[in-house]
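Colleague: This is the structure, below, for whatever I ask next.
Only the coordinates and a few stated rules stand behind these numbers; no lab work does. Keep in mind that this is a model prediction, so the values were computed, not measured. Glycine also receives a Cβ, built like all others from the backbone with ideal geometry; neighbour counts cover every protein chain displayed.
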Amino acid sequence: MPLAPARVMRELDARLSPGDVVISDASFSAGWICSFLPAKEAGRNWIFARGQGGLGYSLPAALGAAVARPEGRVVNVTGDGGFYFAIGELATQAQQGLRVINVVLNNGILGWLQMWEEIFFDGLRQSVELETKESQPDLAAVGAAMGCTGIRVEKPGELGDALDRAFAADGPVVLEVRIDPRATPLQSFRRRLEEGAGGRQFDRPGATYELRPWTKSAGASVVEEEGVIAE
Ligand SMILES: Cc1ncc(C[n+]2csc(CCOP(=O)(O)OP(=O)(O)O)c2C)c(N)n1
């Protein structure tokens, strides 16, 4: 506890068959799949939001895949941030009775951006939280309200049964898994977070990120006065 996303991939792997489709949203979901979920066969069965890496790709993409493979099983893996982009399409999945398992890796935060801010903006934490202690969206309940089976998992030991239920369902499922908000599949992020103290100090080739010159909006001066943006 909190649950590691690699465990989710491991449990998924045990239940997937050749021909099943896995769709990844942008951000860490793609890294968890690539690192820990071996493809069962060659072919276009593992589908990623590449190109622009647009969040919100996977839920509607899963709709298309499920229509194309009505006998198959489609698993959509997404973060909570990406999931929010296209939540209305859950109703379409339900209307069409599509056998999509929407696995939401819910870390309560825009994880990639939070770590990017922390590493490259000297510990800044701004506009990334998707919940507070007092207010946490219940995504399994959202799924149920939209006509899907809603399942919520918080403990690693609950995961197997939850996935068995999801794979046995005849319509769409929202399987919300609360995961560790500090988990990242990016080795470079892990290393930099362990090393700490400002990403601009790294001297390994390819390990530095040069910020482009700032374009300041009218409101930016307020932030500057607080000394958050150092130039
Ligand atoms: C449409 C779109 N808007 C913004 C971004 C920039 N972006 C990349 S990763 C990320 C955070 C995604 O958060 P979440 O879906 O919760 O996944 P996590 O990073 O926590 O794995 C954002 C906003 C993007 N890739 N696509």
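Colleague: I'd like the GluC sites (Glu not before Pro) in segment 1-71 restricted to DSSP loop residues with at most 12 other Cβ atoms within 10 Å, sorted by number.
Modeller: Glu41, Glu71
Colleague: Take every Cα pair under 8 Å in segment 5-200 that's 6+ residues apart, average their separations, divide by the length, and report that relative contact order as a whole percent. Show your work: numbers first, answer last.
Modeller: Values: 367 pairs, mean separation 44.0, N = 196.
The normalised contact order for segment 5-200 reaches 22 percent.
Colleague: Report the full-extension gain for the segment Arg165 to Arg125: residue separation times 0.36 nm, less the Cα-Cα distance, to one decimal in nm.
Modeller: Extra length available between Arg165 and Arg125 comes to 10.7 nm.
Colleague: Using each residue's phi in segment 62-67, evaluate 6.51 cos²θ - 1.76 cosθ + 1.60 at θ = phi - 60° and report the 3J(HN,Hα) Karplus result to the nearest Hz, with x for Gly and Pro.
Modeller: The phi angles translate into 5, 4, x, 5, 5, 5 Hz.
Colleague: Moving on. Report, please, the projected area of segment 4-84 averaged over directions, based on the convex hull of its C-alpha atoms, in nm². Kindly include the intermediate steps, with their values, before the conclusion.
Modeller: Values: hull surface 20.6 nm².
One quarter of the hull surface, i.e. the mean projection, equals 5.1 nm².
Colleague: Could you give me the ³J(HN,Hα) list for segment 147-161, computed from phi with Karplus coefficients 6.51, -1.76, 1.60 and θ = phi - 60°, whole Hz, x at Gly and Pro?
Modeller: Karplus-based 3J(HN,Hα) across segment 147-161 equals x, 9, 7, x, 10, 10, 10, 10, 10, x, x, 7, 5, x, 4 Hz.
Colleague: DSSP beta bridges in the chain, what fraction antiparallel, as a percent rounded to 5?
Modeller: Antiparallel bridges make up about 5 percent of those DSSP assigns within the chain.
Colleague: Given points 7 Å out from each Cα along the Cα-Cβ axis, report the Cys34 to Gln187 separation in nanometres with one decimal.
Modeller: Computed distance between label sites Cys34 and Gln187 equals 1.2 nm.
Colleague: What would the Debye equation give as log₁₀ I(q)/I(0) for segment 38-135 at q = 0.24 Å⁻¹, counting only Cα atoms as equal point scatterers?
Modeller: So the normalised log intensities are -1.27.
Colleague: Compute and list, largest first, the equivalent-ellipsoid semi-axes of segment 5-200 from the alpha carbon gyration tensor, each √(5λ) rounded to a whole angstrom.
Modeller: Gyration-tensor ellipsoid for segment 5-200: 28, 18, 15 Å.
Colleague: Moving on. Tell me which residues come under 5 Å, amide H to amide H, from Asn76 once H is placed; ignore anything under 5 positions away on its chain.
Modeller: Close amide H contacts, sequence-distant or interchain: Ile23, Ile101, Asn102, Val103.
Colleague: Rounded to the nearest 500, what is the chain's calculated 222 nm mean residue ellipticity when only DSSP H runs of at least 4 contribute -39500 (n - 2.57) each, over all residues? Don't skip to the end; give the middle numbers.
Modeller: Values: 10 runs with 84 residues, N = 231.
Calculated from helices alone, the mean residue ellipticity at 222 nm is -10000 deg cm²/dmol.
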